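Let me begin by presenting the structure, written as structure tokens, before commenting on it.
The numbers here are math on the coordinates, done by the rules we state, and not lab data. For clarity, every value in this text was computed on a predicted model and none was experimentally measured. Glycine also receives a Cβ, built like all others from the backbone with ideal geometry; neighbour counts cover every protein chain displayed.
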Amino acid sequence: MKVLMTGFMPFGGESINPSWLAVEKVHAPEGMELIKKELPVTFHGARKELCALMDEHRPDCVICVGQAGGRKAVTVEYVAINLMDGVDNDDVCMRDEPVEAGGENALFSTLPVWEMVSRMQGKGIAAARSLSAGAYVCNCVMYTALSHAEKTGSDAWCGFIHVPYIPEQTVGKEAPSMPLDTIVQALECTLETLSVL
Ligand code: PCA
């Protein structure tokens with residue numbers, strides 16, 4: 001099985017993004033080929049790069065990972081919406097724009113969401129399903145992965161995982177955090193879930 005796992009560059013004034021720091025440290029289970037990439041926090045750039053990666057590698061599964069500062073748990077996203085809102089790292093400002101004009105309003109994750117959440121919880125990791133990936137670049141990337149798989153006739157499972165801040169990001173902030181190694185373990189749980197399906 002071939003899995004594409006992506007993380008993101010820093011954004012929003014942060015100097016690190018735990019999503020990429022964690023993805024970098026993830027080990028794949030025996031027999032799994034794991035391709036890792038860091039995506040830019042830009043609506044257009046991230047979409048373009050993700051589609052190119054899916055075309056080049058033809059993965060069986062695409063797991064995109066991003067930071068959701070303020071969340072207490074690793075959250076496996078359930079649904080992506082056809083909406084972009086926010087200012088990205090290229091200073092592109094989206095207001096009420098569709099990810100894809102004429103596309104479905106929402107696309108559901110094709111990952112085994114509940115199985116992934118319960119495997120993480122079984123290891124004692126704070127994990128939950130989430131019903132909203134927001135309307136920023138992470139949601140855009142999740143929507144793009146699902147839509148691109150559908151359009152290219154790929155049966156790759158695609159979805160998104162949001163991770164909390166790591167402790168060094170919360171100095172002087174009232175925000176929850178999770179150690180990087182726990183986030184890495186949570187991401188390894190997602191791969192283990194796939195390998196036992
Ligand atoms: N989190 C942002 C974009 C990049 C990231 O790591 C989001 O939740 O949309």
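Given the options VAL26, VAL171, VAL163, state which has the largest fluctuation in a GNM of the chain using a 10 Å cut-off (strictly under) for Cα springs. Greatest mean-square fluctuation among the candidates belongs to VAL171. Just check segment 67-166 against the gyration tensor rule for me: Cα atoms, a ≥ b ≥ c as the square roots of the eigenvalues, rounded for a/c under 1.5, and otherwise prolate or oblate depending on whether a/b exceeds b/c. Cα axes put segment 67-166 in the oblate bin. Taking 17 Å as the straight-line reach from the Cα of LYS123, the lysines in range (excluding those fewer than 8 positions away in the same chain) are LYS72. Centre-to-centre separation between the Cα atoms of segment 159-183 and those of segment 92-138: 18 Å.
Positive contributions from Lys and Arg (+1) and negative ones from Asp and Glu (-1), summed over other residues with Cβ under 13 Å from the Cβ of TYR143, come out at -4. In the frame of its principal axes, segment 13-65 has Cα extents of 38, 24, 11 Å, reported largest first. Summary value for segment 32-146: 38 percent relative contact order, contacts being C-alpha pairs under 8 angstrom separated by 6+ residues.
If the viscosity is 1.306 mPa s and the temperature 10 °C, what translational diffusion coefficient in µm²/s does Stokes-Einstein give for the chain when Rh comes from Kirkwood over Cα pairs? My calculation gives 96 µm²/s for D.
Membrane-span-like helices in the chain, defined here as complete DSSP H runs extending at least 18 Å along the helix axis by their C-alpha atoms with mean Kyte-Doolittle hydropathy no lower than -1.0, are 43-57, 137-151, 180-195; this is a sequence and geometry rule, not a statement about a membrane. Annotation: the residues HIS148, HIS27, sorted from fewest to most other C-beta atoms within 10 Å of their own C-beta, follow the order HIS27, HIS148.
Listed by chain and number, the lysines whose alpha-carbon sits under 17 Å from that of LYS48, ignoring those within fewer than 8 places in the same chain, are LYS36, LYS37, LYS151.
From least to most packed, judged by other beta carbons within 10 angstrom and beginning with the fewest, LEU111, LEU131 follow the order LEU131, LEU111. Using C-alpha pairs under 8 Å with a sequence gap of at least 6, the mean separation divided by the residue count of the chain gives a relative contact order of 30 percent. Highest GNM mean-square fluctuation among ASP88, ASP60, ASP96, for the chain modelled with Cα contacts below 10 Å: ASP96. Give, as a single signed number, the net charge of other residues whose beta carbon lies under 12 Å from the beta carbon of CYS189, with Lys and Arg counted +1 and Asp and Glu -1. So the environment of CYS189 carries a net charge of -1. Sorting MET32, MET54 from the fewest to the most surrounding beta carbons within 10 angstrom yields MET32, MET54.
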